[in-house]
Every structure is written in C-alpha cells, then in structure tokens.
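Where a number appears in this text, it was derived from the coordinates with a stated rule and is not lab data. Remember, predicted model here, so these are calculated numbers, not experimental data. All Cβ positions, even for glycine, are placed from backbone atoms using ideal geometry, and neighbour counts span all protein chains on display.
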Amino acid sequence: MKILVLGASSYVGARIYFDLQKKYEVVGTYANNRLSEKLHHLDITDRQKVSELISEVKPDLIVHSANNANARWCEANPEAAELLNVTSTGYIVEAADAINAKLVYISSFAAMNVGNVYGRSKLQSENIAKKTKAGWIILRPSYIVGFSPNTTNDRPFNRLLRNLDDHVKAEYDTSWKFQVTWVGHLSEVIDGCIEKNMYKKLIPVAAQELKSRFDVAHDILTPFGVTVYPVDKKDNLPVTKDDLFKLKTLELPVYSYKEIVDKIIAEIKVRNTFTISRI
Ligand SMILES: NC(=O)c1ccc[n+]([C@@H]2O[C@H](COP(=O)([O-])OP(=O)(O)OC[C@H]3O[C@@H](n4cnc5c(N)ncnc54)[C@H](OP(=O)(O)O)[C@@H]3O)[C@@H](O)[C@H]2O)c1
C-alpha cells in the first residue's frame, strides 16, 4: 500500500505522515514549509501539477490534509479560501480517479457550522471527496491536540507548547465547549479503515466529553508545572458536538478525554522521538 500525504508539513499532516510511515510506504508534499527533505513540492491550487505529481507517485491512497484551517483567514479571504479548500479538492479527486486511487479527506467538525466561509468550505469539499470513484473516507476531527513533528504552525496544541517552552503566560477561555480530538487517533482510524478495507464512510473522530480550552490546557500543562489561568471570553461559537457511535459501530479505536490527556502527557515526555529527521 503506497500512501501520498498532501500537506505533510501541516500540524496534522506531519503527524499522519510520521505515524503511517512506520507501516506503509508514504510519500508527502509541502507547499511553503519543507519540514523534511523527503517531501515533494506541490501547490494544490495548480491543477496541472496536481495531476502530474499524483500520476507520477501513483499512490493507492491519498490523505488530503492541505487546507487552510484558520477560520478568520478564510473569512477575510473568501476567494483564496474557496480555491484552496474547495476547488483544489476537485483537482485531487480528478487526479485520483485517473489512477484509481482512494482518498482520505481531513475535514472538520466545522463542516457542521456552515455559517462561516471555513465551515462551508469543509462541507463543500466533503461533497467533492465523496465523488472519488475508487473509494473515500472523510474524517471529521474537532479541536485537535497532541504532538506533531510540526511544532511551529500556529495551531492550538503548538500554543500549549509555547506556554511550556517559552513560558508564555497560559490564559485560556472557559466559555466555549467542544469535543477533543487526539491527533494520533486520526492515523489510527486511517490505518483501521485500510485494514478493514472500509471506505465510503464519514467518521467523526473525537472524545465524547465536552471541554473548554481552559480544561484542555490545564489538564495537559499542570503535570509539567505550568499554571493555567481561566478567562471567560464569552465566546459564542456554536457548540460543535457529534455522537461518536460511528467509531464504535465500525469497530475503530475510541478514546475518552482522560485517555487522550494521558497519551499527550506521555507524548510530551518523549517529544524528541517526533523530530523531523525521522520523516
Ligand atoms: N488543527 C486543528 O485543530 C484542526 C481541527 C479540525 C480540522 N483540521 C483540518 O486538518 C487539516 C490540517 O490542518 P492543520 O491544523 O494541520 O493546519 P496547518 O498546520 O495550518 O497546515 C496547513 C497546510 O496546508 C498547506 N497548504 C497551504 N496552501 C497550500 C497550497 N497552495 N498547496 C498545497 N498545500 C498548501 C500547508 O503547506 P505548507 O505549510 O508547506 O505551506 C500546510 O501543510 C485541515 O484540513 C484542517 O481543516 C484541523
């Protein structure tokens, strides 16, 4: 099984690349940030280049993790967001179909909130991904935490690392509640679907419990001696909650919030094993 990870330099894609390369032949791409010399350059908004790279690599399965995940940027740049997060998915599906490859699209719980550009782009992209002829999987993560070889992108977990490493004051909101996704869970679900030869599934991937940004920061950082301060930012983001029965019914791994926190604390303790030289 040969896997192509698009966006292997992203916070999420780098971890998926790192996990899957232990078991599969994995090729990855980057756009601006070459996290490892092994990665190939690809701008997914270039239809011709997408077609050329996919037909050259000839993967059995493509994991697409190269979207802009910043809702504020998407709102301010709707046309660029549409091109990167939606139109390019069409280019990827077209190229996958040409070599009969399957597609895993990393979506988001945000697809349930079509009130903003980012949420709409994720839902539209899901609908395009579902057209992949050889088979597709859509993973819907929520607020993702856990160690990735990319520790620098401005993603929620990497902000926690700045509290730990750079002693940036840890102040986190108590108002908005969400389910929490462990980044390694995404790799495990992809692996589970490959093992079971299970496709055409949309799978929410998260823990059942609702937590705030403060809860997550407090529970992960306190064991490392970091004091986390609560602030009520009166964040009126909608509560994004999904029932996670699908993981159970598909017999894929399920984690509680406590298990996720324990895994992440353990990951931080062996963080040197997640260095980019390994990918
Ligand atoms: N982090 C979360 O909490 C979260 C939650 C739910 C869903 N997700 C989803 O997970 C996926 C990855 O998000 P992330 O948090 O890992 O974001 P990220 O670290 O900001 O990464 C964004 C990725 O998009 C790539 N990219 C940007 N423009 C590109 C282009 N023109 N061509 C090819 N690649 C391009 C970037 O490549 P370069 O860095 O090389 O430029 C990078 O790999 C997204 O689909 C996002 O919607 C994330």
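A few points about this structure:
- Cβ-derived FRET efficiency at R0 35 Å, Ser175 paired with Ala266, nearest 0.05: 0.75
- Taking only the C-alpha atoms of the range 64-105, the Rg (one decimal) and the largest Cα-Cα distance, Dmax (whole number), read 11.9, 36 Å.
- Quarter the surface of the alpha carbon convex hull of the range 5-143 and you get the mean projected area, 7.6 square nanometres.
- The slack between Val231 and Asp165, meaning 0.36 nm per residue of separation minus the straight C-alpha distance, is 21.6 nm.
- Residues whose amide H falls under 5 Å from that of Leu202, counting only those 5 or more places apart or on a different chain, are Ile138, with hydrogens built in the peptide plane.
- Its Kirkwood hydrodynamic radius, worked out from the mean inverse distance over all distinct Cα pairs, puts the range 63-164 at 14.4 Å.
- For the range 140-149, 3J(HN,Hα) computed residue by residue from phi via the Karplus equation (6.51, -1.76, 1.60; θ = phi - 60°) reads 10, x, 9, 8, 8, 10, x, 6, 10, x Hz, glycine and proline entered as x.
- In the chain, the DSSP-assigned H stretches of four residues or longer account for a calculated mean residue ellipticity at 222 nm of -11000 deg cm²/dmol, using -39500 (n - 2.57) per stretch and the full residue count as denominator.
- Each label point was placed 7 Å from the Cα along the Cα-to-Cβ direction; for Glu259 and Lys23 their separation is 1.5 nm.
- One decimal place: the segment Glu37-Ala134 gains 31.9 nm when fully extended, by the rule 0.36 nm per residue minus the C-alpha distance.
- Between Lys241 and Asn197, residue separation times 0.36 nm minus the direct Cα-Cα distance comes to 13.1 nm.
- For the range 219-235, putting each phi into the Karplus relation 6.51 cos²θ - 1.76 cosθ + 1.60 with θ = phi - 60° gives couplings of 6, 7, 8, 4, x, 9, x, 8, 7, 10, 9, x, 9, 9, 8, 6, 6 Hz, in residue order, rounded to whole numbers and with x for Gly and Pro.
- The range 2-278: relative contact order in percent, alpha carbon pairs under 8 Å with at least 6 residues between: 17 percent
- Helix 156-165 axis versus longest C-alpha principal axis of the chain: approximately 50°, rounded to the nearest ten.
- When both the range 84-112 and the range 1-79 are represented by their alpha-carbon centers, they are found 11 Å apart.
- Once each of the GluC sites (Glu not before Pro) sitting in a DSSP loop with at most 16 other beta-carbon atoms within 10 Å is removed, the chain keeps 38-208 as its longest stretch.
- The ellipsoid that matches the Cα gyration tensor of the chain has semi-axes, each √(5λ) in whole angstrom, of 29, 20, 19, with the longest given first.
- At R0 = 35 Å, FRET efficiency that the Cβ-Cβ distance of Asp97 and Thr273 yields, to 0.05: 0.40
- Nearest-0.05 FRET efficiency for Ala80 and Thr222, computed from C-beta distance (R0 41 Å): 0.55
- Computed from backbone phi with θ = phi - 60° and the Karplus coefficients 6.51, -1.76 and 1.60, the 3J(HN,Hα) list for the range 95-106 is 5, 5, 4, 5, 10, 6, 8, 8, 10, 10, 9, 7 Hz; x is used for glycine and proline.
- Inter-centroid distance (Cα atoms) of the range 176-217 relative to the range 223-249, Å: 13 Å
- One way to sum up the overall shape of the range 1-53 is the equivalent ellipsoid from its Cα gyration tensor, whose semi-axes run 18, 13, 8 Å, largest first.
- Spin-label zone in the range 172-192 - amide nitrogen under 18 Å from a point set 7 Å from the Cα of Leu210 along the C-beta vector: 173-181
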